[in-house]
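First the structure, in the form of structure tokens, and then the observations on it.
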Amino acid sequence: MIQRILNNPIGRALIIYLIMLFVLILFVVLLQPVLFPLVASFILFSILDPFKNRLLRQGMNSTAAILVVLLGVITFGILCLALGVPLMLDQWEWLQSRLPVIAAQIAKLMDMFGGSLVHMSGMQMDTSLGDRWQADVKNWSADAVVSSAGIMMTSAMSLVLIPLITFFLLRDYRKMRNTLIDWLPNSAYELGWLIYFRVAKRLQRYIRSVALQSCIVAVVTTTGFYLIGLDTSVLFGSLAGLLNLIPYIGPLLSLVPPMLATLGTGSLDIFMMLSILLVIMSAQIIDNVIVIPNLIAHTVDLHPMLVLLGVVVFGYLFGFVGMLIAIPLLTSSKIILTGLINGLRKKLTEDVLYILPKPEENQA
């Protein structure tokens, strides 16, 4: 049975793929504490590597080119933080000051919903949903205060690790890649390079495209929120751009925070809610009509159901980072599995042709 599977190209490809998947899962589990810095560093590497190569072609040595590129990114990041963070902190403080009002408004709406449900169904049930909601909010707030120190430590560690890891990737990535591929047996060497180049090309194009896509959606959403008079336009516009990285689910999630923030006025502002919905829909129309066809259409070739299930499963296993890496991992898995099957089929065909007698031998 095992020999029959090994003789079948599809069976051999599946076994090799499952071994690679097991190794990947093992690495993810072992490196989970630093998973976010690693993912962020690989994203930065994919974006910055072309700029480093351009400097190398102009005659600059490798270390100097890497330092110039990294210093440029760090300078840009510091400027963005200096300009954007104070504004976002002010908006966050405003939002925190309105949280009790927002919680009270949600509790009121939940009590109204519970009473309407009892009236319509005629069933006897507990309608004190609002009180339990407010109690849950207090518990969540206490947990958030306790965990804030851990979040700050993690953020500080990421700010240190991401530039360091990115530097070593820019300097040593090709050397590490060549070493790993050199471990392949001679019979799989060419196939390994072919699959690697297909995966690397697709992933780098995808990362650069979605990074630009996220920035465009953030700018459009922030501008729209500002024009409709939302007090937290920069905070929620930036969040909408970040959540847009999550296919299908992200745009829906980006609706929730600004909708809840409108309750901070103490009344149900239907006009503001409809305006928020219009802004999000406008950003998605621009994204789907202009951005995706020109930037991302040819980088991901996956069925929408597979994308949705992948986002949900990876999000459940690894949180927000899992949602971000779901599409790249699924795309890479498809390329690797398809490449293995096609490569092993081709190798089997070549082996059979090599074993078969030559035409002149048949004539003899």
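Go through (1) modelled with pLDDT of 80 or more; (2) touching a Phe, Trp or Tyr at 6+ places or on another chain (Cβ under 7 Å); (3) β-branched (Val, Ile, Thr) for Ile335 and report which single condition fails.
(2)
Right, Leu245: modelled with pLDDT under 85, within 25 Å of Leu89 (Cβ to Cβ) and within 17 Å of the chain's Cα centre (by Cα) or not?
Considered against the rule, which asks whether it is modelled with pLDDT under 85, within 25 Å of Leu89 (Cβ to Cβ) and within 17 Å of the chain's Cα centre (by Cα), Leu245 comes out as yes.
Quick check on the stretch 185-209: of everything there that is hydroxyl-bearing (Ser, Thr, Tyr) and touching a residue at least 40 places away in the same chain (Cβ under 8 Å), which residue is farthest from Thr331 (Cα to Cα)?
Taking the stretch 185-209 first, the residues hydroxyl-bearing (Ser, Thr, Tyr) are 187, 189, 196, 206, 209.
With touching a residue at least 40 places away in the same chain (Cβ under 8 Å) added as a condition, the list becomes 187, 206, 209.
Working: Ser187: 25, Tyr206: 10, Ser209: 14 Å.
That would be Ser187.
Residues being surrounded by fewer than 14 Cβ atoms within 10 Å (Cβ to Cβ) and touching a residue at least 12 places away in the same chain (Cβ under 8 Å): count how many of those fall in the stretch 73-83. Please lay out each step first, then the result.
Taking the stretch 73-83 as the starting set, the residues that turn out to be surrounded by fewer than 14 Cβ atoms within 10 Å (Cβ to Cβ) are 74-83.
With touching a residue at least 12 places away in the same chain (Cβ under 8 Å) added as a condition, the list becomes 74.
The number of residues fulfilling the criteria is 1.
If I go through the stretch 165-184 residue by residue, how many of them are in contact (Cβ under 8 Å) with a residue 24 or more places away in the chain and surrounded by fewer than 17 Cβ atoms within 10 Å (Cβ to Cβ)?
Kept after step one, since they are in contact (Cβ under 8 Å) with a residue 24 or more places away in the chain, are these residues of the stretch 165-184: 165-167, 169-171, 173.
Imposing the further condition that a residue be surrounded by fewer than 17 Cβ atoms within 10 Å (Cβ to Cβ) reduces the set to 171, 173.
Count: 2.
Could you give every pair whose Cβ atoms fall below 8 Å, whose first residue belongs to the stretch 294-308 and is modelled with pLDDT under 70, and whose second residue is surrounded by 15 or more Cβ atoms within 10 Å (Cβ to Cβ) and of a type in the set (Phe, Trp, Tyr), counting only separations of at least 6 or pairs across chains?
These pairs meet every condition: Ile296/Tyr206; Thr299/Tyr206; Val300/Tyr206.
Since Gln58 meets every condition but one in (1) free of Cβ contacts under 8 Å to residues at least 60 places away in the same chain; (2) loosely packed, with under 13 Cβ neighbours inside 10 Å; (3) within 13 Å of Thr166 (Cβ to Cβ); (4) of a type outside the set (Ser, Thr, Tyr), which condition does it not meet?
(3)
Name the single residue that is surrounded by the most Cβ atoms within 10 Å (Cβ to Cβ) among those in the stretch 257-279 being modelled with pLDDT of 85 or more and β-branched (Val, Ile, Thr).
Only one residue fits best here, namely Val279.
Only one of these conditions is not met by Ile341: (1) modelled with pLDDT of 55 or more; (2) over 16 Å from Gly192 (Cβ atoms). Which number is it?
Only one criterion in (1) modelled with pLDDT of 55 or more; (2) over 16 Å from Gly192 (Cβ atoms) is unmet by Ile341, namely (2).
Which of the residues belonging to the stretch 210-232 are among the small types (Gly, Ala, Ser) and free of Cβ contacts under 8 Å to residues at least 12 places away in the same chain? Talk me through it step by step, then tell me what you get.
Taking the stretch 210-232 and keeping what is among the small types (Gly, Ala, Ser), we get 211, 214, 218, 224, 229.
Correct list: empty.
The values are calculated or read from the model by the stated rules, or taken from the named source; none is laboratory data. Given the structure is predicted, the values throughout are model-derived calculations rather than measurements. Methodologically, a virtual Cβ is constructed for each residue, glycine included, from the backbone with ideal geometry; neighbour enumeration extends over all protein chains shown.
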